[in-house]
Amino acid sequence: MIIVGSKLKIIDNSGAKIVECIKVLGRNGSQVAYAGDIIIASVKKSQPRKKVTKGDIVRVVVSTVKKGQMRKNGILVSFGENTGVVVNAKNVPVGTRVLGPVMLELREKGMLKVISMATVAI
């Protein structure tokens, strides 16, 4: 469950390490984002000499959430931290590798490119 002000760890190699949510997109007025939703975020910490630098405003797909999320088959899935993947305006990842697990809810939202680049889809 991501709200405005939440911090996320970025699990791709775009250059951003930590981002802070500014706005939740596409939830019809809802202020809460779950796995597969797109948010607008500000980069708080980044790696040197990469595509994304500190202070940039980026679009991020939420890949895992700490709050448990119930699936249709009755399984409750939760992770240890909130993570995301930086994407461009066409929802294509900016980085070339996704270095961590992503939730299968991204498939329902049409983020197949992110799932195919991930190491594990849970």
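Points to keep in mind about this one:
- Charged-residue dipole, Cβ positions (Lys, Arg, Asp, Glu), segment 7-121 about Cα centre, Debye nearest 20: 240
- Stretch in the chain that is longest and holds no trypsin sites (Lys or Arg not before Pro) that DSSP places in a loop and that have at most 16 other beta carbons within 10 Å: 1-26
- Relative contact order (%) - the chain, alpha-carbon pairs under 8 angstrom, separation at least six: 24
- DSSP assigns beta bridges within the chain; of those with both partners inside it, close to 85 percent run antiparallel.
- Residues of type aspartates and glutamates that LYS90 reaches as a straight line, Cα spacing below 20 Å, ignoring anything fewer than 8 places off in the same chain: ASP12, ASP37, ASP56, GLU105, GLU108
- Note on VAL32 and ILE18: the extension gain reaches 3.2 nm, defined as 0.36 nm multiplied by sequence separation minus the Cα-Cα distance.
- With 25 Å as the limit on Cα-Cα distance, the pairs of LYS9/LYS72; LYS17/LYS113; LYS67/LYS109; LYS23/LYS72; LYS50/LYS109 that go past it are LYS9/LYS72; LYS23/LYS72; LYS50/LYS109.
- Cα-derived Rg over Rh, computed across segment 7-121 with Rh taken as Kirkwood radius: 0.94
- Inter-site label distance for MET70 and THR96 at 7 Å from Cα along Cβ, in nm: 4.4
Any read-out appearing in this document is the output of simple, stated calculations on the displayed coordinates, not a laboratory observation. As the structure is a prediction and not an experimental result, all values here were calculated from the model. Positions of Cβ are backbone-derived with ideal geometry, glycine not excepted, and every protein chain shown enters the neighbour counts.
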